[in-house]
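Report on the structure given below.
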Amino acid sequence: MTPVPLFAGSRVREAVSPARALDVVREAFVSHAAGAWTMPPKVYVTNYPAGDFRAMPALGGGHALLKWVTSFPGNPARGLPTVTGVVLLSNAETGELEAVLDAASVTALRTGAAAVLAAETLGRADARTAAVVGAGVNGAAAAATFVARGRDVALWDVDGERVRRVADELGATVAGSLAEALGADVLVTVTPGHELLLADGALQPGQHVSLMGADGPGKAEIAAAELARTHVFCDDWEQASHGGELAALVDAGLIGEADVTRLGDVLNGEASGRAGDHEITAFDSTGLAIQDLAIAIAAYGRIGELDLPTVDL
């Protein structure tokens, strides 16, 4: 039997800082756009309205990954986390299992990284204000990434006690109101996606929004008509067109693949980003296995520095 290192959530966060997460997630987007890193769309096993299970494989950088992860939005009311699961990292040449990682912490790191990466890439160069709506685990990760990048960020959440605690922990501020947060130059929304945050006409010229909450069928943080009037970017067309904010527009025949730009194509110089200071940009994020793979590889690269428990498999 071979001892396999186990990364609990705290050890994943110890191994990979928010700043490091952004760097490796950027590299993963570029590698995926170039075809060097590959993945099929995620598979959903649904148990709505309770929640869903997701299987997410990827291959790249000499490793293969499988993430088995859940999303059960009602769990916090039960005293349970919304996201649980495991990430399995394997050697792509031998097939040997190399590490087992906590999925929630990997997900939070890559979600925060992708949100801020899109905001920095697609937001105005002179953007002054940044806000995150949703102070749960993934929203806090987005705010932490903004802070790590040296940007002041305001947080808003329906749970006033939680948002104050998270803001204090991160060195962020609490937005005076939801309207104030939604008016930020660069906006990240990380909510369960069951209620619209951005109605028709909500976004102003020059704004950017990273839409991180609608990562499955039936979820939306922005009205379809409002999304239609933005310059739309996505993480992956196949996933976004079936399970992201774009799905409603695709189903209505209002948008097609040629109308949407992949963030990776902007990052590797194959596509243009923001067209001007007055354009509204939106990033539809569904969460990619290649992002998880980037975080897992970064964590695995530090096993020699960490005293990790192992399991014989």
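Has the range 280-300 got any residue that is over 24 Å from Gly60 (Cα atoms) and surrounded by fewer than 24 Cβ atoms within 10 Å (Cβ to Cβ)?
Yes, the conditions are met somewhere in the range 280-300.
Checking Val4 against (1) under 19 Å from Thr286 (Cα atoms); (2) modelled with pLDDT of 95 or more, which single condition isn't satisfied?
Going through (1) under 19 Å from Thr286 (Cα atoms); (2) modelled with pLDDT of 95 or more one by one, Val4 breaks only (1).
If I ask for residues that are among the β-branched types (Val, Ile, Thr), over 20 Å from Asp126 (Cα atoms) and crowded, with 24+ Cβ neighbours inside 10 Å, which ones from the range 139-166 would you list? Quick ask: steps written out before the conclusion?
The first filter runs over the range 139-166 and keeps only residues among the β-branched types (Val, Ile, Thr), leaving 145, 147, 153, 158, 163, 166.
Still in the running and over 20 Å from Asp126 (Cα atoms): 158, 163, 166.
Of everything in the range 139-166, just one residue is among the β-branched types (Val, Ile, Thr), over 20 Å from Asp126 (Cα atoms) and crowded, with 24+ Cβ neighbours inside 10 Å, namely Val163.
Please work out if Ala19 is in contact with a helix residue (DSSP H, G or I) (Cβ under 6 Å, 6 or more places away or on another chain), surrounded by fewer than 18 Cβ atoms within 10 Å (Cβ to Cβ) and outside any strand (DSSP E or B). So that I can check it myself, show each step before the final result.
Values: in contact with a helix residue (DSSP H, G or I) (Cβ under 6 Å, 6 or more places away or on another chain): yes; surrounded by fewer than 18 Cβ atoms within 10 Å (Cβ to Cβ): yes; outside any strand (DSSP E or B): yes.
Yes: the conditions hold for Ala19.
Only one residue in Thr82, Thr94 is part of a loop (DSSP other than H, G, I, E, B), over 12 Å from Ile295 (Cβ atoms), within 17 Å of the chain's Cα centre (by Cα) and not hydrophobic (A, V, I, L, M, F, W, C). Which one? Before you say what the answer is, go through the steps one by one.
Details: Thr94 fails: within 17 Å of the chain's Cα centre (by Cα).
Criteria check complete, one pass: Thr82.
Kindly check whether there is at least one residue in the range 222-231 that is at pLDDT 95 or above, within 24 Å of Val83 (Cβ to Cβ) and not assigned by TED's automatic domain parsing to the domain that holds Ser71.
The answer is yes; a qualifying residue exists.
Which residues, counting only those in the range 255-266, are touching a Leu at 6+ places or on another chain (Cβ under 8 Å), more than 18 Å from Ala289 (Cα to Cα) and either in a helix (DSSP H, G or I) or touching a residue at least 40 places away in the same chain (Cβ under 8 Å) (or both)?
Start the filter on the range 255-266 by keeping residues that are touching a Leu at 6+ places or on another chain (Cβ under 8 Å), which leaves 255, 260, 263, 266.
With more than 18 Å from Ala289 (Cα to Cα) added as a condition, the list becomes 255, 260, 266.
Selection gives Val266 alone.
Among (1) closer than 19 Å to Cys234 by Cα; (2) not in a loop (DSSP other than H, G, I, E, B), there is one condition Gly193 misses while meeting the rest; what is its number?
It is condition (2) that Gly193 fails.
Anything in the range 49-62 that is within 24 Å of Trp237 (Cβ to Cβ) and not in a strand (DSSP E or B)? List them, or say none. First the steps, then the outcome.
Of the range 49-62, the ones within 24 Å of Trp237 (Cβ to Cβ) are 52-61.
Correct list: Gly61 only.
Please enumerate the residues belonging to the range 201-220 that are in a loop (DSSP other than H, G, I, E, B) and modelled with pLDDT of 95 or more. I'd like the intermediate steps shown before the answer.
Here is the first cut: in the range 201-220, the residues in a loop (DSSP other than H, G, I, E, B) are 201-207, 212-220.
Passing the criteria: Gly201, Ala202, Leu203, Gln204, Pro205, Gly206, Gln207, Met212.
Taking the range 161-181, which residues are closer than 26 Å to Gln204 by Cα and part of a helix (DSSP H, G or I)?
Within the range 161-181, the first condition is being closer than 26 Å to Gln204 by Cα, and the residues that meet it are 163, 167, 172-181.
Across the range 161-181, the qualifying residues are Val163, Ala167, Leu178, Ala179, Glu180, Ala181.
Go through the range 236-254 and give me each residue that's in a loop (DSSP other than H, G, I, E, B) and surrounded by fewer than 23 Cβ atoms within 10 Å (Cβ to Cβ).
Taking the range 236-254 first, the residues in a loop (DSSP other than H, G, I, E, B) are 236, 244-246, 252-254.
Answer for the range 236-254, where residues must be in a loop (DSSP other than H, G, I, E, B) and surrounded by fewer than 23 Cβ atoms within 10 Å (Cβ to Cβ): Ala252, Gly253, Leu254.
Determine whether Pro205 is within 15 Å of Thr286 (Cβ to Cβ) and either assigned by TED's automatic domain parsing to the domain that holds Ala33 or not charged (D, E, K, R) (or both).
Values: within 15 Å of Thr286 (Cβ to Cβ): no; either assigned by TED's automatic domain parsing to the domain that holds Ala33 or not charged (D, E, K, R) (or both): yes.
No, not satisfied.
The values are calculated or read from the model by the stated rules, or taken from the named source; none is laboratory data. Treat the numbers as computed from the prediction; the structure is a model and nothing was measured. No Cβ is skipped: glycine too gets one built from the backbone with ideal geometry, and neighbour counts run over all protein chains shown.
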